[in-house]
Amino acid sequence: MLVLHQHPLSSYCWKALIALYEKGLPFEAQRVDLGNPDARAAFARLWPSAKIPLLQDGDRVVPETSIMIEYLDLHFPESPRLLPETAEARLQVRLWDRLFDQYVMTPMQRFIAQRLRPDATRDPLASEAALDDLLRAYELIESRLGGDTWAVGETFTLADCAAAPALFYAFIVQPPPATHRVLHEYFERLMARASMQRVLREAQPWFHYFPLNDRIPARFLDPLNEGGTAPA
C-alpha cells in the first residue's frame with residue numbers, strides 16, 4: 001500500500017494528491033503535524049528534511065512531487081499516464097511543471113510566509129516582490145499557454161497537477177488581470193477537474209487555518225458538487 005505523508009492545506013501535497021486521484025491508485029493519507037516536535041522527529045527519520053509531501057512505497061521513500069509523479073508513472077504503468085510517451089512532449093510537460101512550481105508556487109509561498117510572521121517582523125519589500133513575481137508569471141502563462149485544453153495538449157499531465165494548487169492559492173494572493181482570458185479559462189478547467197474537486201472537499205475543514213482565509217472565494221467554501229464542478 002502506498003502511503004502519502006501530507007497535510008490537507010499544503011499546495012505541494014495537493015499536487016501529489018491530484019496525481020494519485022488521476023491515476024486511481026489506492027493509498028493511505030497520513031497527516032503530518034510538523035508543529036509537534038515528536039511528530040516532526042519521527043517524520044524526519046523517514047526523510048531528513050522533514051518536508052511534505054513524502055511518498056512511501058513499502059520500505060522505499062520518494063521525495064519531491066515531480067519525482068513522485070514520475071515514480072507513479074513508472075511503477076504503475078496500467079494507470080493513466082501523467083507524462084506523455086514522446087520525449088519532446090515530456091520535455092514540454094517538465095518545463096511547465098517547473099514554471100508552475102518555481103514561477104507561481106514559490107512567490108505565492110514567499111508571500112504567505114511573510115503573512116505568517118508577526119506584524120513587526122514582516123518585510124513589505126519581500127511581499128511586494130512576491131506579488132510582482134506572480135504578475136510576471138501570469139503574463140508568461142497568458143502569452144505562452146496556447147489554445148489547448150491543458151498545459152500541454154489535450155491530455156491532463158504532471159504539468160496540470162502542478163498548475164492547479166499553484167494557481168488556486170496564487171489567485172487568492174494576487175488575482176490576475178481580468179484581461180488574461182487564457183489564464184482564467186485554464187484556471188476554471190483546473191478547478192472543475194474531479195481530482196481537484198476532491199482535494200478541495202478534503203481541504204475545506206482546514207481552510208480557516210489559512211492566513212488569507214477571508215479572501216477565499218465563497219464558491220470554494222460552500223459544499224462542492226460531487227459531479228466535479230464548483231458552484232458558480
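Bear in mind these aren't lab numbers, they're just calculated from the coordinates by the rules spelled out. Given the structure is predicted, the values throughout are model-derived calculations rather than measurements. Note that we place each Cβ from the backbone using ideal geometry, even for glycine, and neighbour counts take in every protein chain shown.
Each stretch of four or more DSSP H residues adds -39500 (n - 2.57); spread over every residue of the chain, this sum gives -16000 deg cm²/dmol at 222 nm. Residues within the reach of a label modelled at Thr121 (point 7 angstrom out along Cα to beta-carbon, backbone nitrogen below 20 Å), restricted to segment 171-212, are 210-212. DSSP beta bridges fully contained in the chain are about 60 percent antiparallel. Assign one of three labels to segment 1-126, namely rounded, prolate or oblate, based on the Cα gyration tensor with a ≥ b ≥ c the square roots of its eigenvalues; rounded applies when a/c is under 1.5, prolate when it is not and a/b is larger than b/c, and oblate otherwise. Oblate shape, in that a/c is at least 1.5 and b/c is the bigger or equal ratio.
Projected over all directions and averaged, the alpha-carbon convex hull of segment 171-221 occupies 3.7 nm².
In summary, the helical segments of the chain meeting the span-like criteria, namely a full DSSP H run, a Cα extent along the axis of 24 angstrom or more and a mean Kyte-Doolittle hydropathy of at least -1.0, are 124-144. Of the GluC sites (Glu not before Pro) in segment 53-114, the ones in a loop by DSSP (not H, G, I, E or B) with at most 12 other beta carbons within 10 Å are Glu78, Glu85. Kindly state, to the nearest 0.05, the FRET efficiency for Arg45 paired with Ile67, given R0 = 25 Å and r defined as their beta-carbon distance. Efficiency, from the Cβ-Cβ distance: 0.80.
Please state the shape class of segment 104-232: rounded when a/c is under 1.5, otherwise prolate if a/b exceeds b/c and oblate if not, all from the C-alpha gyration tensor. Oblate is the answer for segment 104-232, as a/c is 1.5 or above yet b/c matches or exceeds a/b.
What FRET efficiency would be calculated for the residue pair Leu95, Met1, taking the C-beta separation as r and a Förster radius of 35 Å, to the nearest 0.05?
Details: r = 33 Å, r/R0 = 0.94.
After rounding, the FRET efficiency stands at 0.60.
Applying 1/(1 + (r/R0)^6) with r as the Cβ-Cβ distance of Trp206 and Ala87 and R0 = 25 angstrom yields a FRET efficiency of 0.05.
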